[in-house]
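Participant: Before I ask anything, let me first share the structure, which is written out below as structure tokens.
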Amino acid sequence: MTYRSVVSALSILALLAPPLSAQDAADGVAPEGAGGDVSAFDALSDAAQAAIASKQAGEPVLAENWMVAAANPLAVEAGAAVLRDGGTAADAMVAVQAVLGLVEPQSSGLGGGAFLVWYDAKSGELTTLDGRETAPMAVTPTLFQDDAGEPLGFFDAVVGGLSVGTPGTPKLMEVAHRKWGRANWGRLFDPAISLAEDGFTVSDRMATSIANDAERLGRFADTASYFIPDGTPLAAGTVLQNQDYADVLRMIAANGADAFYSGPVAADIVSAVQNAEGNPGVLAASDLAAYDVVERAPVCVPFRSADVCGMGPPSSGALTVGQILGMLNVYDLSAMSPDDPEAWRLIGDASRLAFADRGRYMADSDYVPMPTKGLVDDQYLVDRATLLDREDALPEVAPGNPGWDHASLWADDISLELPSTSHISIVDQYGNALSMTTTIENGFGSRVFVRGFLLNNELTDFSFRTHVDGVPIANRIEPGKRPRSSMSPTIVMEDGAPTLVIGSPGGSRIIGYVAQAIVAHMAWDMDIQQAVSMAHLVNRFGTYDIEEGSDLVSLEGPLTDMGFEVNIRGLNSGLHAIDIDGGLLGGADPRREGIAIGE
């Protein structure tokens, strides 16, 4: 697509949301700090300061040769230095992720997992890397059930070793570098090591996240001593050092990911999981030693003149985003305005239909048969879209019957997937593009802290139940299986080349955030900063969430009249995007502290 700005600045600014409060505790979420304040970053480069000013002004960052957008200015600066020195997008990702694990530990890190979508300029091919965590081989079907066979409470399962899956992020970093990197591997960790040893300033977001979760972080001595020293949560502005993290990075820099998956680091991870007081887990040294990243074909769905491509199973991201956009493709959204209730009726019910399919069919396709092709088949989406040809909200939704080559007998899954996570978008000077969403699942993951980093709670993305009325759930836990995810790293392709790199954190709302931003950019002609700043409306399971504090709260009445149940609440996305239109235009979500830098 071409870059267009035909919507006036005044009409778009009226739709933009201000920085938001923490996630609504009514969802049972341990909230992360949600502000977009970047005032703590007063020692940044001129490029970073300019990027902050650009975001605050609601304008995209412009560049010609390369660009990186991510969730923390210190991490973005590390990636920018790599790109400036001739590194590839894969090289820059390693530097960015290493810093994010230090300065945004509540969201991602060495103890988590990630999905990566890669466009290779030399070959013209698009591929994906699956660095999702895996279930230990010792798990049982009733891992998250009590003695009576009932599901555990969410945080009863999360906090401790029971929820920890085999981390995938370090191996994904290494595989991506081996396939597409050109910079010296060891040097990519230098910025993170320096920040860990010399100290970095705790941001408002990190401090708020710690304060909001202090009770859970205080349950384990090592975790508490780092995040709540002397019984007081770390305050914004504190200069924090993490020598243990620096030491682990040095080992990985010298010896590759094997330094994480074997030897003393692996032994300490296993010990921390198996000896987590009150809630031990079953992760073993053999699980770490056996872990591998899987390269998979992308899932692509046509939308307007482009193909929207992303991560297939075990992620539900590309399938569900693709289903939403595929159904909307039948209708002319460009003829509607961003504040038209009819547009949001279509978007909301298309999302509900897609989430119904997600709940029944989507899981790790290495373990269960999945109708992947059938779910995004053109005719199937057209048929589903006909359900939207009405004037009011669908009174109820149900999974469809996509074509596939296996018998279909699955029960619906209602497993939780709560907000945390981070996203990285990069385009390098060689034309390669990278979209990577990275996570430890819930904010601060399992709260188990070892050698300077947190371990994930990814196993709670599985269904806590195995069956409903005797019918199996596709996303049930099994040894070695990867839990279903909503992470939606996306590259939009047109005429064989990337035109947009985008993704977001946000739990299962990621899907809605990404789909909406694509609609805003491609159908409503918003520039990329306007698209990622736009107020959110998200409908997954029937209730329409509208972002508090935005002008689109005015849609509450019309949507209610159409038959939707409406909830006004904080919607804390973290979209980072790069529009490729001859040059590069970067957008960073104002709800968080991230920026885009390019040259």
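Every number in this text was worked out from the coordinates using simple rules, so none of it is lab data. This one's a predicted model, so the numbers in the text were calculated from it and none came from an experiment. Every residue, glycine among them, receives a Cβ derived from its backbone with ideal geometry; neighbour counts consider all protein chains shown.
Participant: Starting with the highest mean, order 330-343, 77-90 by the number of other Cβ atoms within 10 Å, averaged over the residues of each peptide. Write down the numbers at each step before the final one.
Facilitator: Values: 330-343: 16.3, 77-90: 24.1.
So the peptides 330-343, 77-90, ranked by packing, come out 77-90, 330-343.
Participant: Find the centroid of the Cα atoms in segment 563-589 and in segment 512-555, then give the distance between the two in whole Å.
Facilitator: 7
Participant: Quick check on packing: order 103-113, 394-404 by the mean number of other C-beta atoms within 10 Å, highest mean leading. Don't skip to the answer; put the middle values down first.
Facilitator: On the way: 103-113: 29.0, 394-404: 14.7.
Taking the mean over residues of other Cβ atoms within 10 Å, the ranking is 103-113, 394-404.
Participant: Moving on. Per residue of segment 483-495, what does 6.51 cos²θ - 1.76 cosθ + 1.60 with θ = phi - 60° give for ³J(HN,Hα)? Whole Hz please, x for Gly and Pro, Karplus curve as stated.
Facilitator: Coupling constants for segment 483-495: x, 4, 10, 9, 4, 10, x, 9, 10, 8, 10, 9, 6 Hz.
Participant: Out of 302, 379, 285, whose Cα points farthest toward the positive end of the dipole of segment 254-384 (charges: +1 Lys, Arg; -1 Asp, Glu; placed on Cβ)?
Facilitator: 379
Participant: Mind listing the phi-derived Karplus ³J(HN,Hα) values for segment 243-250, rounded to whole Hz, using 6.51, -1.76 and 1.60 with θ = phi - 60°, and x for any glycine or proline?
Facilitator: Working through the residues one at a time gives 5, 4, 5, 4, 5, 5, 4, 4 Hz.
Participant: Now, a different point. May I ask for the equivalent-ellipsoid semi-axes of the chain, computed as the square root of five times each C-alpha gyration tensor eigenvalue and listed largest first in whole Å?
Facilitator: Numbers: eigenvalues 211, 166, 106 Å².
Over the Cα atoms of the chain, the semi-axes work out to 33, 29, 23 Å.
Participant: Distance from the Cα centre of segment 480-495 to that of segment 436-460, in angstrom?
Facilitator: 19
Participant: Right, another one. In this model, which of 55/171; 122/171; 179/481; 373/481 are farther than 27 Å apart at the alpha-carbon? The partial results should precede the final answer.
Facilitator: Numbers: 55/171 33 Å; 122/171 24 Å; 179/481 25 Å; 373/481 21 Å.
Long pairs (Cα-Cα over 27 Å): 55/171.
Participant: Checking the a/c ratio against 1.5 first, then a/b against b/c, what shape does the Cα gyration tensor give for segment 76-177? Walk me through the numbers before you get to the answer.
Facilitator: On the way: a/c = 3.81, a/b = 2.13, b/c = 1.79.
Prolate.
Participant: Calculate the radius of gyration of the Cα atoms of segment 457-599 to one decimal place, then report Dmax, the largest Cα-Cα distance, as a whole number, both in Å.
Facilitator: Calculated on Cα positions, Rg and Dmax stand at 17.9, 58 Å.
Participant: Arrange the following residues from fewest to most other Cβ atoms within 10 Å of their Cβ: 466, 320. Write down the numbers at each step before the final one.
Facilitator: On the way: 466 20, 320 29.
Result, fewest neighbours first: 466, 320.
Participant: When the convex hull of the C-alpha atoms of segment 226-310 is computed, what volume per residue in Å³ does it have?
Facilitator: Working: hull volume 20.9 nm³, N = 85.
So the per-residue hull volume is 246 Å³.
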